[in-house]
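Participant: One structure coming up, written as structure tokens, with questions to follow.
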Amino acid sequence: MTDVYKIYGDIIDLPNHRSEKRPHMSMSDRAAQFAPFAALRGYDEQIDSSTAGVLGADYRNDLFADEDNYIETGDVD
């Protein structure tokens, strides 16, 4: 018996409950409930603008070059 069955064995094989009163919600409607940052339109652009002002306009290219180097070599520097 795996740890999962030890912990959840009493409920793991129960049928999935579906409400008889409410219609099944579509996946896109469910996803919309978990998209809280959609209200922050322009937020990413503002962060990029602020960061570029502090670190320089090419900061993203430098970051990506560092990430590529790390992926290829495993070297942090």
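The values are calculated or read from the model by the stated rules, or taken from the named source; none is laboratory data. What you see is a predicted model; the values in this text were computed from it and never measured. Because the Cβ atoms are built from the backbone with ideal geometry, glycine has one as well, and the counts that use them run over all protein chains shown.
Participant: What are the pairs, 6+ residues apart or on separate chains, where a residue within segment 39-55 that is surrounded by 11 or more Cβ atoms within 10 Å (Cβ to Cβ) has its Cβ under 7 Å from a residue that is at pLDDT 80 or above and assigned to a helix (DSSP H, G or I)?
Facilitator: Filtered contacts from segment 39-55: no entries.
Participant: Turning to a different aspect of this structure: Can you tell me which of (1) at pLDDT 75 or above; (2) more than 26 Å from the chain's Cα centre (by Cα); (3) in a helix (DSSP H, G or I) is the one residue 19 doesn't meet?
Facilitator: Of everything listed in (1) at pLDDT 75 or above; (2) more than 26 Å from the chain's Cα centre (by Cα); (3) in a helix (DSSP H, G or I), residue 19 misses just condition (3).
Participant: If residue 37 meets every condition in (1) at pLDDT below 85; (2) assigned to a loop (DSSP other than H, G, I, E, B) apart from one, which number is that one?
Facilitator: Failed condition: (2).
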